[in-house]
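Presented below is the structure to which this report refers.
The values are calculated or read from the model by the stated rules, or taken from the named source; none is laboratory data. Keep in mind it's a predicted model, so treat the numbers as computed, not measured. Note that we place each Cβ from the backbone using ideal geometry, even for glycine, and neighbour counts take in every protein chain shown.
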């Protein structure tokens with residue numbers, strides 16, 4: 001078995017503030033792990049829509065994050081199997097990330113929301129159809145998994161996945177081609193929501209060139225800036241501060257930053273970020289063979305989840321997609 | 001250390017546009033009551049804006065009669081807004097008014113970064129020009145499609161079908177104002193509820209399932225002696 005080079009280690013910071021005049025914070029987030037094979041880094045933020053028609057969205061965002069973490073653990077376990085198990089091909093993993101995970105996640109979220117409704121609604125409440133019930137729980141989601149072998153991320157609705165590359169370039173790889181106007185967003189409660197999940201797929205072929213900062217935020221942060229470039233400048237500044245002053249200094253002021261942003265966006269504002277701190281000794285990993293090219297790659301899931309993925313402009317072409325049913329097919 | 005990195009921060013604007021019928025049929029008490037009702041509603045709009053400090057409420061007014069023209073062309077922050085009475089003039093060229101509004105709902109001049117605009121149409125009659133072309137022009141703009149729309153039908157002669165088409169949503173109804181008291185209540189509702197609706201987040205496909213829009217008009221009392 002071959003080993004990778006030095007593995008990246010990640011440190012994290014996180015914070016969330018309630019929007020001005022909001023009765024509760026409808027954002028939810030979670031972060032765990034270090035980015036190693038045994039402890040994959042998993043991050044997620046979700047933004048419950050919050051208005052009267054989404055009265056239970058604070059629960060919907062919590063369900064979204066909790067269920068994503070479960071799905072992400074499964075994904076990471078597939079990508080980095082323990083012991084002598086042979087890891088699946090990157091092509092198979094990419095297919096899983098683009099089609100299987102979004103469908104499983106949305107299905108689990110809907111089941112969770114409908115189950116919660118069944119347990120907690122009273123007979124006095126008006127009879128609602130299942131889609132109406134799901135609307136009550138509407139939420140967005142941005143989630144990411146980093147293992148020594150793979151960096152993958154998913155987004156449904158607004159919010160941002162921001163990546164600062166090893167050479168300092170700020171990218172927002174899952175930004176839609178055309179942003180929704182106003183405060184409308186796609187949602188876990190949308191019909192066939194799994195088709196609206198955007199996926200970022202970036203196998204790590206050169207650990208030394210892994211991103212140095214990965215950040216997940218709800219739209220309360222980005223919408224506080226007068227322009228998109230202002231948000232990117234914030235991310236560049238965050239990266240600079242982490243490099244120059246260290247994590248503790250940034251942790252100390254993060255609540256103040258988020259509160260200021262929230263005053264301008266009026267929205268709950270959440271940030272979860274991970275940045276490279278060091279490298280660790282090499283660990284067991286994938287078999288030898290050509291991997292898909294590294295770097296950001298985003299693509300919206302096409303309409304048909306089964307079968308080989310559609311080629312997309314920013315999606316790396318797998319070595320061979322002729323047989324996606326065999327996870328252990330050699331690369 | 002505590003200074004936040006990044007570009008300047010700014011609240012997002014809510015552009016509120018009154019579209020007011022100033023045809024001859026509005027002459028007399030109707031236009032007088034309308035001027036009074038909007039003037040009285042401004043402090044309530046200011047109150048709503050203060051409750052939602054993340055939104056910057058900007059007001060404009062357009063009148064339409066034989067021609068359509070801006071009464072307040074440039075967006076005015078609600079804090080600086082003072083109502084100037086409108087006067088009646090001639091026909092009911094709603095189509096021209098909608099064409100004029102559509103030009104402002106494109107990007108640019110409307111910024112990409114904004115909350116949904118509000119289009120509030122007040123009319124007592126039947127359009128005398130190609131209003132459907134005007135409505136198509138509004139619907140062809142990105143912000144026109146997203147706009148929160150409210151419509152107030154003054155008196156029995158108002159063409160409710162036109163107002164219904166303007167709303168563009170079968171689950172919304174024009175609000176009937178058949179008396180001065182009802183008109184005041186309708187203006188007050190349109191001034192405030194629509195602004196709140198414009199600044200609330202919703203799932204993009206909610207129109208398929210949401211049965212009770214957040215700005216559904218109220219049921220107005222009809223106990224006024226003076227009925228139009």
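Below is a table of values for the structure above.
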{"quantity": "Single unsatisfied condition, residue A:187 versus (1) more than 22 Å from residue A:72 (Cβ to Cβ); (2) within 14 Å of chain B (Cβ to nearest Cβ)", "calculated": "(1)"}
{"quantity": "Among (1) over 22 Å from residue B:186 (Cβ atoms); (2) within 14 Å of chain A (Cβ to nearest Cβ); (3) in contact with a strand residue (DSSP E or B) (Cβ under 9 Å, 6 or more places away or on another chain); (4) modelled with pLDDT under 95, the one test that residue B:144 misses", "calculated": "(4)"}
{"quantity": "Only one of B:102, B:114 that is in a helix (DSSP H, G or I) and closer than 23 Å to residue B:13 by Cβ", "calculated": "B:102"}
{"quantity": "Residues within the range A:76-89 that are touching a helix residue (DSSP H, G or I) at 6+ places or on another chain (Cβ under 9 Å) and surrounded by fewer than 24 Cβ atoms within 10 Å (Cβ to Cβ), tallied", "calculated": "3"}
{"quantity": "Unique residue being farther than 30 Å from residue B:118 by Cα, away from chain B (no Cβ under 13 Å), in contact with a helix residue (DSSP H, G or I) (Cβ under 8 Å, 6 or more places away or on another chain) and in contact (Cβ under 8 Å) with a residue 12 or more places away in the chain when the list is A:164, A:145, A:170", "calculated": "A:145"}
{"quantity": "In the range B:167-185, the residues that are in contact with a strand residue (DSSP E or B) (Cβ under 9 Å, 6 or more places away or on another chain) and without any contact (Cβ under 8 Å) to a residue 60 or more places away in the chain", "calculated": "B:167, B:168, B:169, B:172, B:173, B:174, B:175, B:176, B:177, B:178, B:182, B:185"}
{"quantity": "Flag for residue B:163 being farther than 19 Å from residue B:228 by Cβ and crowded, with 19+ Cβ neighbours inside 10 Å", "calculated": "no"}
{"quantity": "Condition met for residue B:85 (outside any helix (DSSP H, G or I), out of contact with any helix residue (DSSP H, G or I) (no Cβ under 6 Å at 6 or more places or on another chain) and surrounded by fewer than 19 Cβ atoms within 10 Å (Cβ to Cβ))", "calculated": "no"}
{"quantity": "Condition met for residue B:53 (within 14 Å of another protein chain (Cβ to nearest Cβ), surrounded by fewer than 19 Cβ atoms within 10 Å (Cβ to Cβ) and either touching a residue at least 12 places away in the same chain (Cβ under 8 Å) or in contact with a strand residue (DSSP E or B) (Cβ under 9 Å, 6 or more places away or on another chain) (or both))", "calculated": "yes"}
{"quantity": "Residues of the range B:4-26 that turn out to be in a loop (DSSP other than H, G, I, E, B) and within 9 Å of another protein chain (Cβ to nearest Cβ), as a count", "calculated": "7"}
{"quantity": "Residue check, residue B:119 within 29 Å of residue A:219 (Cα to Cα) and within 14 Å of chain A (Cβ to nearest Cβ)", "calculated": "yes"}
{"quantity": "Which listed residue is more than 18 Å from residue A:168 (Cβ to Cβ) and within 7 Å of another protein chain (Cβ to nearest Cβ), from A:272, A:253", "calculated": "A:253"}
